Amino acid sequence: MPFISHYFGYFYVLIKKKLDMFKNVFFSDRIKWIFAFLGMLLTPASNAQNQAPKGDFWNHVSFGGGLGVSVGSGYTDILIAPSAIYNFNDYVSAGVGLQGSHVKFKNEYTSNIYGGSLIGLFNPVEAVQLSAELEEVRVNQEFKVLDYKRNFWNTALYLGAGYRADNVTIGFRYNVLFKKDDFVYSEAFMPFVRIYF
């Protein structure tokens, strides 16, 4: 699977350029370890002994994602996040996802978030799933009380672990690029439920 190595290399260069603005040595060392982890995660996929025969591509693709709606007294939160992964073998999967969300709180705050992500999954044993997800989203926020608007790109890199039973995984993930001042996510740690069919 040489296209994975090329795609990973392209994506590494793209992200590295974005992260070069940060000069903090501790942060740089963390990113190197993260990309080393991602490289190890994707390496077995390119060297897998049981390669799928030609024309068997769609038998290895799984679809899933998330859908959420929360409505209350003057509050609305809607999330749509489809994704697809390619199962290289029983241990390694990789894919892409899309995300769109809308949050509104009375006449005080509105947020629209949309973008995409790259997903890497590793199952060292049947019941454990490790994940890495790089997310790039456009954030449009409006604070009506302050008469203030913000539009910016936000990058998140989630490292996660969960318990896996068949096609369902329940666990936690941590955003290593979390910035509380952006008001995009309230916490760096997030629970997740992942389902693929």
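For the stretch 91-197, what's the relative contact order in percent, using C-alpha pairs closer than 8 Å and at least 6 residues apart?
19 percent
Heavy atoms only, probe 1.4 Å: what % of the accessible area of the stretch 49-115 goes to carbon and sulfur, would you let me know?
For the stretch 49-115, the apolar C and S fraction of the accessible surface comes to 60 percent.
Can you compute 3J(HN,Hα) from phi for each residue in the stretch 56-63, using the Karplus curve 6.51 cos²θ - 1.76 cosθ + 1.60 with θ = phi - 60°, rounded to whole Hz and x for Gly and Pro?
9, 4, 5, 6, 9, 9, 10, 10
³J(HN,Hα) across the stretch 133-149 via Karplus (A = 6.51, B = -1.76, C = 1.60, θ = phi - 60°), whole Hz, x for Gly/Pro?
Couplings: 9, 9, 10, 10, 10, 8, 10, 10, 10, 9, 9, 5, 5, 8, 6, 9, 10 Hz.
Spin-label point model (7 Å from Cα, Cβ direction): what's the ILE80 to ILE195 distance in nm?
1.8 nm
What residues have an amide H closer than 5 Å to that of LYS144, excluding those fewer than 5 places away on the same chain, when H is modeled at 1.01 Å from N in the peptide plane?
Under 5 Å from the amide H of LYS144: TYR109, THR110.
For Cα pairs less than 8 Å apart in space and 6+ apart in sequence, what is the mean separation divided by the residue count of the stretch 82-124, i.e. the relative contact order in percent?
Here the relative contact order equals 40 percent.
Estimate the FRET efficiency between VAL103 and THR155 by the formula 1/(1 + (r/R0)^6), using the beta-carbon distance for r and 25 Å for R0, to the nearest 0.05.
So, using R0 = 25 Å, E works out to roughly 0.80.
Take the alpha-carbon positions of the stretch 81-197, form their convex hull, and give its projected area averaged over all directions (one quarter of the hull surface) in nm².
Result: 7.4 nm².
From the backbone phi of the stretch 77-89, what are the Karplus-calculated ³J(HN,Hα) couplings (6.51 cos²θ - 1.76 cosθ + 1.60, θ = phi - 60°) in whole Hz, Gly and Pro given as x?
For the stretch 77-89, the Karplus curve yields 9, 10, 9, 10, 9, x, 8, 9, 10, 10, 8, 5, 7 Hz.
If R0 is 22 Å, what FRET efficiency do you get for VAL176 and TYR114 from their C-beta distance, rounded to 0.05?
Between VAL176 and TYR114 the formula returns 0.50.
Given H placed 1.01 Å from N in the peptide plane, which residues other than close sequence neighbours of VAL96 have an amide H under 5 Å from its amide H?
ALA84, ILE119
Between the stretch 177-197 and the stretch 66-100, what is the separation of their alpha carbon centroids in Å?
Centre-to-centre distance over Cα atoms comes out at 12 Å.
Share of the stretch 126-180's accessible area from carbon and sulfur, percent, 1.4 Å?
Here carbon and sulfur together make up 57 percent of the probe-accessible area.
The values are calculated or read from the model by the stated rules, or taken from the named source; none is laboratory data. Keep in mind the model is a prediction, meaning the values are calculated, not measured. FYI the Cβ positions are ideal-geometry reconstructions off the backbone, even for glycines, and counts take in every protein chain you see. Areas reflect the complete protein model, heavy atoms only, side chains present, ligands, DNA and RNA absent. Shrake-Rupley method; radii C 1.70, N 1.55, O 1.52, S 1.80 Å.
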